[in-house]
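What follows is a set of notes on a single structure, which appears directly below.
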Amino acid sequence: MSDNNNKTNQNPNEQTDSELQQRLQRMLTDLQLDDAPAGGAVVVYQDGKCIAQASVGLARADLSWSPDTLSLNFSTGKGVLATLVHVLVAQQLLAYDEPIASYWPAFAAQHKGDITLRHVMSHQANLFSIQSIDADSEELLDWQLMLSKVAAMSVTAPEDAELYDSAYSALVYGWVLGGVIEAVTELSLAEALRHYLTEPLGIADSCYFGVPASKVDQVAMLAKNFAGSNEDSSQLGNRRHKPTIKADSAETLKTYANLPSYGCWQQHTLANKKTANTIQGDEQNNLTILDTAHINGLYFNTSKLNLRNYKAALIPANKQPIDYYQRETLQAAIPAANGVASAQALATIYAMLANGGQWEGRTLIDSATFEALAKPQVTGLDAVMPSNMDWRLGYHRLLSICADTQASFGHMGYNGSVAWCDPARQLSFAFIHNFDTTMLNDVRQFALTEAVFDLLDNKILAP
């Protein structure tokens, strides 16, 4: 095993900002917290160039993390799928306001004939409930079968629909977009992704919906599946589990207190009158200790989580839940949920978006299409996500509270991975990992995102 923990794999053609890179590396190492040997990778681009990358920990028992490590990133892949759609719009193969059924006639069933790409990509189509589709865990892996079931499904309004402006389609979304992509390109989704997006960006071997059999053993796994284990790697990940939720240790709290965004978090905590513990013996200074729950709560208000809508969107009705790390699942195409890519690949996609659709002198997305995709479509509360997501066409707002990120957008995954761009700064960012967490019980994506903006806005990173 090559030991590259706490190091980076640097392309000699990439111009890194040494101070940013050192600080991100230190932060990422600190943010292993109590979860070693698990780790992850961060990659940052500005103006089309990789300016920083960092990695830490083990991706598998015999593989250290690097910026090129493949990882299951859950819904972070939705941003990749949306970007592919925008490339097809730019090539006039698709149009946002044309009914999907005009490309895919079977989709018109059950009164869906007027639903457009704009409706689906801004999560306003009421196609959010996976529980409205009769499919067991094996059928969910069958691409053609699921396309037929989604084409035949009916719309379902969320509970308390009058309170919401959108309903996040956590699973159904991928089959809808995948079906229309295949219809207009006459290619498989994998072929279309490669031809129209990943080959032009030079990342064809590090971004997938359906991992090739030859690559499955290179995908990062949860540490609980390989630490101290002698199991065959082909069997790793075949156990169903729930993410580990544990109390913060004193070391974790100390790590948080040393993050550059900690002061901002404290200010927001006090301003929002959130409950916080007081440092013992120092009550007079009103110093607050912020734990994982407090910090995450600054970004997600779980008191606004509608559990029925959340389950309807994310949990199939059958009694056999999917294990996304299982070999067969990684090889299947569930594009709303099982996107596999490296941090380098994701940061490259968003670097192209940060540059307005341009990449190395080539136009993948024209200016009119880019203006349309970046414009918020809905600004109210989402019925599934416990936040105002400001849905664009396939992306949500960047969840940042410490910087001006009005122009920023991207997509996060269920496990707390994330990729985003800020066209105003020509900046892109990707963070992926194999920590056993969810977006609702982790703070790493927020800590790293806020740190990059803090370093940029304090001129450590040259604009």
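Taking a ≥ b ≥ c as the square roots of the eigenvalues of the Cα gyration tensor, an a/c ratio below 1.5 marks the chain as rounded.
Phi angles of region 312-318 translate, via the Karplus equation with coefficients 6.51, -1.76, 1.60 and θ = phi - 60°, into HN-Hα couplings of 4, 7, 10, 10, x, 5, 5 Hz per residue; Gly and Pro are given as x.
Relative contact order for the chain: what percent, with Cα pairs under 8 Å and sequence separation of 6 or more?
In percent, rounded to a whole number, it is 26.
Based on alpha-carbon atoms, the Kirkwood radius and the radius of gyration of region 14-122 give Rg/Rh equal to 1.18. Judged by the mean number of other Cβ atoms found within 10 Å, the most tightly packed of the peptides 294-300, 117-123 leads the ranking 117-123, 294-300. Take the Cα of residue 214, step 7 Å toward its Cβ, do the same at residue 161, and the gap between the two points is 4.9 nm.
Against the chain, whose longest principal axis is taken from its Cα atoms, helix 444-457 shows a tilt of about 70°. Shown for the chain: cysteine residues without a partner Cβ closer than 4.7 Å, namely 50, 207, 421. Taking θ as phi - 60° and the Karplus parameters 6.51, -1.76 and 1.60, the scalar couplings of region 378-391 work out to 9, 10, x, 5, 8, 6, 10, 8, x, 6, 7, 8, 6, 4 Hz in sequence order, x denoting glycine and proline. Axis angle, to the nearest 10 degrees, between helix 18-30 and the longest C-alpha principal axis of the chain: 90 degrees.
Candidates 87, 303, 135 compared by Cα position along the dipole of the chain: farthest toward the positive end lies 303, with charges placed on Cβ.
Summing Cβ point charges (Lys, Arg +1; Asp, Glu -1) relative to the Cα centre of the chain gives a dipole of roughly 380 debye. When the Cα positions of 57, 71, 455 are compared along the charge dipole of the chain, 455 comes out farthest toward the positive end, with charges on each C-beta of Lys, Arg, Asp and Glu. Rounded, prolate or oblate: which one fits region 294-422, using the alpha carbon gyration tensor with axes a ≥ b ≥ c (rounded when a/c is under 1.5, else prolate when a/b beats b/c, else oblate)? It comes out oblate by the Cα gyration axes. Averaging the sequence gap over all C-alpha pairs within less than 8 Å and six or more residues apart, then dividing by the number of residues, gives region 106-159 a relative contact order of 56 percent.
The HN-Hα couplings worked out from phi for region 419-426 by the Karplus form 6.51 cos²θ - 1.76 cosθ + 1.60 (θ = phi - 60°) are 9, 7, 9, 10, x, 5, 9, 6 Hz, whole numbers, x standing for Gly and Pro. With the simple model of a label 7 Å out from the Cα in the direction of the Cβ, residue 247 to residue 317 spans 4.2 nm.
Ranked highest first by the average count of other Cβ atoms within 10 Å around their residues, in what order do 84-96, 386-398, 103-115 fall?
Working: 84-96: 20.0, 386-398: 21.8, 103-115: 15.7.
Most protected by this proxy first, the peptides run 386-398, 84-96, 103-115.
The stretch between residue 152 and residue 18 holds 42.9 nm of extra length on full extension. This uses 0.36 nm per residue minus the Cα-Cα distance.
Annotation: the antiparallel percentage among DSSP beta bridges lying fully within the chain is about 95. Around the amide H of residue 58, modelled in the peptide plane, lie the amide H atoms of 38, 39, 65, all under 5 Å away and 5 or more residues distant in sequence or on another chain. Given axes a ≥ b ≥ c from the Cα gyration tensor, I'd like to know whether region 338-387 is rounded (a/c under 1.5), prolate (a/b larger than b/c) or oblate. Taking the square roots of the gyration eigenvalues as a ≥ b ≥ c, region 338-387 is oblate.
Rule-based calculations on the coordinates, nothing more; no lab input. Note that the structure is a prediction, hence the values are computed from the model and not measured. We place every Cβ from the backbone using ideal geometry, glycine too, and count neighbours over all the protein chains shown.
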